[in-house]
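Derivation of every value follows stated rules applied to the coordinates shown; laboratory data play no part. Just so you know, these numbers come straight off a predicted model, no measurement behind them. For neighbour counting, all protein chains shown are included, and Cβ atoms are generated from backbone atoms with ideal geometry for every residue, glycine included.
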Amino acid sequence: MPTTSYWAVPLSDIAIDEEVEQAVAEVVRSGWWSMGPRVQEFETEFGRMCGAKAAFAVSNGTTALHLALLAVGCSAGDEVIVPSLNFVAAANTIVHVGATPVFCDIQGTHDLNLDVSSVEAAITPATRAIVVLHYGGHPCAMDEIVELAAQHGIAVIEDAAHAPGARWRGGMCGTLGDVGCFSFFSNKNLPVGEGGMVVTDSEALADRIRLLRSHGMTKLTWDRHRGHAHSYDVLVPGFNYRLDEIRAAIGLVQLRRLEEQNAARARLVAQYRAALDGVAGIEMPFRGNGESQSAHHLAVIVLPEESRRVEFQSRLAEAGIQTSVHYPPIHSFSAYRTITHRPLPVTDMVAPRLVTLPLYPHMGDDQVAAVVRAVVLAAS
Ligand SMILES: Cc1ncc(COP(=O)(O)O)c(C=O)c1O
């Protein structure tokens, strides 16, 4: 059952069914709602899906990024390279650890992922990490990024909020750098409401993330509840970034559906692409290169140059179709405008032309057709 919406075709939607309701009801009846056995099971299963040695469930994707930055040692005086065409969470967390975000450019209208040569040009002796974004679930060229980072002794954090289940040359997104961060916000491929996951293969990073997630404490309430511990020490001043059992139970249900739902997204995007790419001057980025398997989080189009995006979106809204923009570049926001940045000509050229169309796994063919009709009409 889809949720009810003001829109004839909403931007995203979550399917609600008995399995989800049942999973929640079981936790509620169990009497243990904070981090416990379901969180552990969710971590184990998510780690298995990615092939990561360690997975830590956290309260959201932003706290996942915060922990990742702290774990790789980012602090005051460091620079962290990040694409400006991005959700603001990565930049905010970079600022929160005391570091400076250094914005890099993207490739072009055909590929909205970061441009490796722009990353290279942004590296200075102060660079501590790169936070790559797999935009819309489309994997970045991770081999080149990892090689560049290794040459300069820089950590690679993957913001894989859009990319659970995506692969680059067979490797799972989130496990290709040092730390991978996922979001389970309601509109994501694995929707839980609020939630996230941090994955890593490094034991040292895992130890730090485990501690920082829960106040730096050596034992958890769940350990004490089971009689496995009576006291604890605090090794570092950490945070409460834990996930609870109710969300973990929903996450376990959603995780079992992830592959099928990503495949449904891929089918819908193929329909959009067949109907819209090259029509009325519209371009649909990420045609595919045979090296990656996308998680198809977003269906994004690039409008022709000189288009009036606000009018275009209004015309779709009049037809009951919700659209969005992923993203207003971070360097254009008031909070970031004062940070000196290198020129970002491609981001500046592409960003005003981006429009995100509705996409969710249970979207009907008739809904795709309605969006296509409205887009072609509005663009002509
Ligand atoms: C690319 C990206 N990174 C990070 C986040 C932050 O995730 P959350 O909303 O779970 O904190 C989001 C969520 O919208 C996102 O899209």
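Structure above, values below:
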item	result
16 Å cut-off, amide nitrogen to a point 7 angstrom out along Glu45 Cα→Cβ, residues in region 8-35	17-28
Longest site-free stretch - the chain; sites: trypsin sites (Lys or Arg not before Pro), DSSP loop, at most 12 other Cβ within 10 Å	1-225
FRET efficiency estimate (nearest 0.05) - Cβ-Cβ, His152 to Thr340, R0 22 angstrom	0.55
Mean separation of Cα contacts under 8 Å, 6 or more apart, over the residue count of region 258-379: relative contact order %	37 percent
Whole-number D in µm²/s for region 98-165 (Stokes-Einstein; Kirkwood sum over Cα pairs; 4 °C, 1.567 mPa s)	104 µm²/s
Cut-off under 5 Å, modelled amide H: who pairs with His162 long-range	His134, Gly137
GNM result for the chain, Cα springs below 10 Å: residue of Gly165, Gly193, Gly227 fluctuating most strongly	Gly227
Kirkwood-based Rg to Rh ratio, region 258-379, C-alpha trace	0.99
Linear extension gain, Asp17 paired with Asn187, 0.36 nm per residue minus alpha-carbon span	59.5 nm
³J(HN,Hα) computed for each position of region 186-193 - Karplus, 6.51 cos²θ - 1.76 cosθ + 1.60, integer Hz, glycine/proline x	3, 8, 8, 5, 10, x, 10, x
Cβ-placed point charges (K, R +1; D, E -1), dipole of region 1-56 about Cα centre in debye, nearest 20	300 debye
Region 1-133: proportion of alpha-carbon pairs further apart than 25 angstrom, %	50 percent
Hydrodynamic radius (Kirkwood) for the chain, which is based on Cα pairs only, to one decimal in Å	21.4 Å
Cβ-derived FRET efficiency at R0 22 Å, Trp33 paired with Lys219, nearest 0.05	0.70
Region 112-169-region 217-295 distance, computed between alpha-carbon centres (Å)	19 Å
Kirkwood Rh (inverse of mean 1/r, distinct Cα pairs), region 154-204, angstrom	11.2 Å
By average C-beta atoms within 10 angstrom, highest first, the peptides 140-148, 104-112	104-112, 140-148
Estimated FRET transfer efficiency when R0 is 35 angstrom, pair Arg169-His230 (beta carbons, to 0.05)	0.10
Cα-projected label distance for Phe333 with Ser5, points at 7 Å along beta-carbon direction, nm	2.4 nm
Cα shape, region 328-380, gyration tensor, a/c 1.5 rule	prolate
Helix-only mean residue ellipticity at 222 nm for the chain, each DSSP H run of n ≥ 4 adding -39500 (n - 2.57), per residue, nearest 500	-12000 deg cm²/dmol
Region 211-252, Cα convex hull volume normalised per residue, Å³	71 Å³
Hz values of 3J(HN,Hα) by residue in region 87-103 - Karplus curve (6.51, -1.76, 1.60), Gly and Pro given as x	6, 6, 4, 4, 4, 4, 5, 4, 5, 5, 8, x, 8, 10, x, 10, 7
Full-stretch length increase - Glu120, Leu377 - with 0.36 nm per residue and alpha-carbon distance subtracted	88.3 nm
Interchain or long-range residues, amide H under 5 Å from Arg169's placed H	Ser292, Gln293
